[in-house]
Amino acid sequence: MKYGKWLVIFGLLGFSGCVRLPDGIEPVTGFDQQRYLGKWYEIARLDHSFERGLHQVTAEYSMRPDGGIRVINRGWSSETGEWEEAEGRAYSVKDPTTGFLKVSFFGPFFGSYVIFEMDQTDYQYAFVCGPNRSYLWLLARQPDPDKALIERFVQRASELGFATDQLIFVDHRKP
């Protein structure tokens, strides 16, 4: 297991005190942490060094004994021919029914994890950003969601000022 890339960026997020909401973006309400647990596939993202070159990227969430959420991010590096993995922890910022979490992969330093849109009926997709418009992800329960969902994500993110022309669509085919 390699932690390098994942730790660097999430550590930098924490060092800059990034537990805040981006201007004009509100987290979902009526959020159910228990229903959010489990495996999510990263469908699209903005590029960052901690994920650069990674394929088959997933995030798995489970409860921690302290009431927080355990986060396991995992991706296949075609460069090294190995899985890269990082374990973190997340906690509600406002209250457990608001999709605004703080996440840490590096010591006591936290960054924002903002769920600004999601399927609150079946918990099949989530639009997530960080503390600013440099961080953006589309997560889904399946590695191949409907094209209409992807189009909706791109449109919504564009309306909110994200650089959707720079999105990376994650390859989930096995190497």
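General observations
- For segment 102-114, filtered to residues that are more than 15 Å from the chain's Cα centre (by Cα) and assigned to a strand (DSSP E or B), the residue that is surrounded by the most Cβ atoms within 10 Å (Cβ to Cβ) is Phe106.
- Yes/no for Arg74 being in contact (Cβ under 8 Å) with a residue 40 or more places away in the chain, surrounded by 18 or more Cβ atoms within 10 Å (Cβ to Cβ) and part of a strand (DSSP E or B): no
- Test: residue in segment 115-123 that is within 17 Å of the chain's Cα centre (by Cα), over 15 Å from Val28 (Cα atoms) and in a strand (DSSP E or B): no
- Restricting segment 95-131 to residues that are touching a residue at least 12 places away in the same chain (Cβ under 8 Å) and among the charged types (D, E, K, R), the residue that is farthest from Arg20 (Cα to Cα): Glu117
- Evaluated against (1) modelled with pLDDT under 95; (2) under 19 Å from Ile150 (Cα atoms); (3) not polar (S, T, N, Q), Pro108 falls short on exactly one condition, (2).
- Restricted to segment 26-75, and to residues there that are among the small types (Gly, Ala, Ser) and over 15 Å from the mean Cα position of the chain (by Cα), the residue that is modelled with the lowest pLDDT is Gly53.
- Criterion: modelled with pLDDT of 95 or more, more than 21 Å from Ala86 (Cβ to Cβ) and hydrophobic (A, V, I, L, M, F, W, C) - qualifying residue of Val154, Val114, Val128: Val154
- Test result for Val57, more than 17 Å from Leu167 (Cβ to Cβ), among the β-branched types (Val, Ile, Thr) and buried (at least 17 other Cβ atoms within 10 Å of the Cβ): no
- Within segment 88-101, being of a type outside the set (Val, Ile, Thr), in a loop (DSSP other than H, G, I, E, B) and buried (at least 18 other Cβ atoms within 10 Å of the Cβ) holds for one residue alone: Gly99.
- Taken together, Gln124, Gln120, Gln142 contain a single residue that is under 18 Å from Leu101 (Cα atoms), surrounded by 12 or more Cβ atoms within 10 Å (Cβ to Cβ) and either of a type outside the set (Val, Ile, Thr) or touching a Cys at 6+ places or on another chain (Cβ under 7 Å) (or both), which is Gln120.
- Only a single item in (1) without any contact (Cβ under 8 Å) to a residue 40 or more places away in the chain; (2) closer than 15 Å to Leu139 by Cβ; (3) surrounded by fewer than 15 Cβ atoms within 10 Å (Cβ to Cβ) is not met by Leu37, and it is number (3).
- Of all residues in segment 1-25 being under 23 Å from Met63 (Cβ atoms) and part of a loop (DSSP other than H, G, I, E, B), the one that is modelled with the highest pLDDT: Val19
- Residue check for Glu85: surrounded by fewer than 16 Cβ atoms within 10 Å (Cβ to Cβ), among the acidic types (Asp, Glu) and outside any loop (DSSP other than H, G, I, E, B): yes
The values are calculated or read from the model by the stated rules, or taken from the named source; none is laboratory data. Computed from a prediction, not measured in an experiment: that's the story for all the values here. A quick note on method: Cβ atoms are made from the backbone with ideal geometry, for glycine too, and the neighbour counts reach across all protein chains shown.
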